[in-house]
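Asker: My structure is below; once you've seen it, I'll send some questions.
The values are calculated or read from the model by the stated rules, or taken from the named source; none is laboratory data. Just so we're clear, the structure is a prediction, and the values are computed from it rather than from any experiment. Note: ideal-geometry Cβ built from the backbone for every residue, glycine included; neighbour counts use all protein chains shown. To get the accessible areas, we keep the full protein, side chains included, count just its heavy atoms, and leave off ligands, DNA and RNA. Shrake-Rupley method; radii C 1.70, N 1.55, O 1.52, S 1.80 Å.
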Amino acid sequence: MAFSITMLAWSVLEFGQSLGTDLQHSLKAIQWGTDYLLKATSIPGFVFAQVGDPYGDHNCWERPEDMDTPRTPYAVSKEFPGSEVSAEIAAALAASSMVFRPINRGYSARLLKRARMVFEFADKYRGSYNDSLGPWACPFYCDYSGYQDELVWGAAWLLRATKAPYYRNYVLANIQNLDKSSSFAEFGWDTKHAGINVLVSRLIKSQTPKPFITNADKFVCSVLPESPTVSVSYSPGGLLIKPGGSNLQHATALSFLLLVYSRPLSKDSRVIHCGNVVATPARLLQVARSQVDYILGSNPLNMSYMVGYGKKFPERIHHRGSSLPSITLHPQHIDCTGGATYFYTNNPNPNLLTGAVVGGPDIKDSYADSRADFAHSEPTTYINAPLVGLLAYFKSH
């Protein structure tokens, strides 16, 4: 959730001028998230990381209005730390503080003050929520890449928001703690490496050598299909593919980074050398656009993976509120197991979750459109958030 808010805020910071009348909706969505994150961090020394038992919640197929599973809150603390969730919240609050600075200075200052406080907590009491909240958070929301990347990511956003030397020094001192075995093409809610390099390459330019620019260049070379060091796969139809579920998270997040990184390259009239392949800023844009076009319907199935967009789109998405009848049509309570018939039916979902992007097709460009196939049919906020910036840019370019 925090990563989604960070990416929505980054989308607005980079491409807000292209959002037009949609800017107000983005700001509303960001504030919905930051208001929640302020509440989750309102008790000093505690960060509320999760509400509800995932086993109980996953076992029920019921509408949010009918939810009757226990709302048990789980917090990380000094004794039971969770640096990755805390530092990502700090990143979200810091990025959002810049979004609100020209609009609401008081709210912006409050977000930044809390971001500093939560980052200090994440850094001072180091540890993974896998260890403190593992029995409840795992296996659903385990952290697989450690917390060092979130600490550097949080500090990088605080550097951008404050320009304070403390955060610059922190980023430079802690960058070597990042897992060296991780691919340069890793960026998402769990792993921040490529995002750190793209973000910091624009914040710390005077450093020699320039590790962030070098690594951001390596990120580009690990994503471009023609590069000799490409580390992602592509489907026959041209979709970027990485192992695991919800694949479109990689297509949107990595495309967002390509788009953001192409801008300083253009400004400096610089190209990237991937072995004998030359990557121009225009090529980065072309690859990013190809992914957006694929998601919106330029693919072998001629199918949009955004619900409600185009003539053909996913109709049986893995989403409770979309698949169950609305309260208006069915005011009676539907209990935990009462939703099973709606889950297993082959009928399309009755309620359109307009704009939601699902996990997407497999490596052969095929898509089953099955509610049970959650790895492909589940929409997530972290798939959509980077897409907001991409769509804003390509709408006006």
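For (1) over 25 Å from Thr252 (Cα atoms); (2) over 20 Å from the mean Cα position of the chain (by Cα); (3) assigned to a loop (DSSP other than H, G, I, E, B); (4) free of Cβ contacts under 8 Å to residues at least 40 places away in the same chain, each residue gets a yes or a no:
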{"position": "Asp335", "(1), (2), (3), (4)": "yes, yes, yes, no"}
{"position": "Leu353", "(1), (2), (3), (4)": "no, no, yes, no"}
{"position": "Ser370", "(1), (2), (3), (4)": "no, yes, yes, no"}
{"position": "Val388", "(1), (2), (3), (4)": "no, no, no, no"}
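Conditions tested, residue by residue: (1) free of Cβ contacts under 8 Å to residues at least 24 places away in the same chain; (2) within 19 Å of Pro379 (Cα to Cα); (3) out of contact with any Leu (no Cβ under 7 Å at 6 or more places or on another chain).
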position: Thr229; (1), (2), (3): no, no, yes
position: Pro236; (1), (2), (3): no, no, yes
position: Leu248; (1), (2), (3): no, yes, yes
position: Ser290; (1), (2), (3): no, no, yes
position: Lys312; (1), (2), (3): yes, yes, yes
position: His319; (1), (2), (3): no, yes, no
position: Leu324; (1), (2), (3): no, yes, yes
position: Tyr342; (1), (2), (3): no, yes, no
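Asker: When region 274-295 is examined, which residues are found to be open to solvent by less than 50 Å² (accessible area, probe 1.4 Å), over 19 Å from Ser370 (Cα atoms) and touching a helix residue (DSSP H, G or I) at 6+ places or on another chain (Cβ under 7 Å)?
Answerer: Matches in region 274-295: Cys274, Ala279, Pro281, Leu284, Leu285, Val287, Ala288, Gln291, Val292.
Asker: Identify the single condition in (1) touching a residue at least 60 places away in the same chain (Cβ under 8 Å); (2) aliphatic (A, V, I, L, M); (3) open to solvent by 30 Å² or more (accessible area, probe 1.4 Å) that Ile43 does not satisfy, given that it satisfies every other one.
Answerer: Going through the list (1) touching a residue at least 60 places away in the same chain (Cβ under 8 Å); (2) aliphatic (A, V, I, L, M); (3) open to solvent by 30 Å² or more (accessible area, probe 1.4 Å), Ile43 breaks only (1).
Asker: Which of the helices (runs of 4 or more DSSP H) contained wholly in region 101-161 include at least 1 residues that are in contact (Cβ under 8 Å) with a residue 12 or more places away in the chain and of a type in the set (A, V, I, L, M)? Please lay out each step first, then the result.
Answerer: Values: elements: 105-124, 129-132, 134-137.
Of the helices (runs of 4 or more DSSP H) lying wholly inside region 101-161, those with at least 1 residues that are in contact (Cβ under 8 Å) with a residue 12 or more places away in the chain and of a type in the set (A, V, I, L, M) span 105-124, 134-137.
Residue by residue, here is whether (1) loosely packed, with under 15 Cβ neighbours inside 10 Å; (2) assigned to a helix (DSSP H, G or I) holds:
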position	(1), (2)
Trp10	no, yes
Leu23	no, yes
Lys39	yes, yes
Gln50	no, no
Asp57	no, yes
Tyr74	no, no
Ile89	no, yes
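Asker: Looking only at region 296-317, decide whether some residue is assigned to a helix (DSSP H, G or I), open to solvent by less than 60 Å² (accessible area, probe 1.4 Å), out of contact with any helix residue (DSSP H, G or I) (no Cβ under 7 Å at 6 or more places or on another chain) and of a type outside the set (Val, Ile, Thr).
Answerer: Within region 296-317, not a single residue is assigned to a helix (DSSP H, G or I), open to solvent by less than 60 Å² (accessible area, probe 1.4 Å), out of contact with any helix residue (DSSP H, G or I) (no Cβ under 7 Å at 6 or more places or on another chain) and of a type outside the set (Val, Ile, Thr).
Asker: Across region 138-183, what is the number of residues that are under 17 Å from the mean Cα position of the chain (by Cα) and of a type in the set (Phe, Trp, Tyr)?
Answerer: The qualifying residues number 6.
Asker: Within region 171-178, can one find any residue that is under 19 Å from Ser246 (Cβ atoms), without any contact (Cβ under 8 Å) to a residue 12 or more places away in the chain and open to solvent by less than 70 Å² (accessible area, probe 1.4 Å)? Write out each step before concluding.
Answerer: Filtering region 171-178 down to residues under 19 Å from Ser246 (Cβ atoms) leaves none.
Within region 171-178, not a single residue is under 19 Å from Ser246 (Cβ atoms), without any contact (Cβ under 8 Å) to a residue 12 or more places away in the chain and open to solvent by less than 70 Å² (accessible area, probe 1.4 Å).
Asker: Do we find that Glu186 is under 18 Å from the mean Cα position of the chain (by Cα) and within 23 Å of Arg289 (Cα to Cα) in this structure? Even if it seems obvious, please write down each step before you answer.
Answerer: Values: under 18 Å from the mean Cα position of the chain (by Cα): yes; within 23 Å of Arg289 (Cα to Cα): yes.
Answer is yes for this residue.
Asker: Quick one: would you say Pro331 is of a type outside the set (Phe, Trp, Tyr), in a loop (DSSP other than H, G, I, E, B) and either in contact (Cβ under 8 Å) with a residue 40 or more places away in the chain or touching a strand residue (DSSP E or B) at 6+ places or on another chain (Cβ under 9 Å) (or both)?
Answerer: Working: of a type outside the set (Phe, Trp, Tyr): yes; in a loop (DSSP other than H, G, I, E, B): yes; either in contact (Cβ under 8 Å) with a residue 40 or more places away in the chain or touching a strand residue (DSSP E or B) at 6+ places or on another chain (Cβ under 9 Å) (or both): no.
When the stated conditions are applied, Pro331 does not pass them.
Asker: Do you know which residues across region 31-77 are of a type outside the set (Asp, Glu), over 17 Å from Lys113 (Cβ atoms) and in contact with a Leu (Cβ under 9 Å, 6 or more places away or on another chain)?
Answerer: Gly33, Ala49, Gln50, Trp61, Arg63, Tyr74, Ala75, Val76
Asker: Right, another one. Which numbered condition in (1) within 26 Å of Ser366 (Cβ to Cβ); (2) open to solvent by 60 Å² or more (accessible area, probe 1.4 Å) is the only one that Lys163 fails?
Answerer: Every listed condition holds for Lys163 apart from (1).
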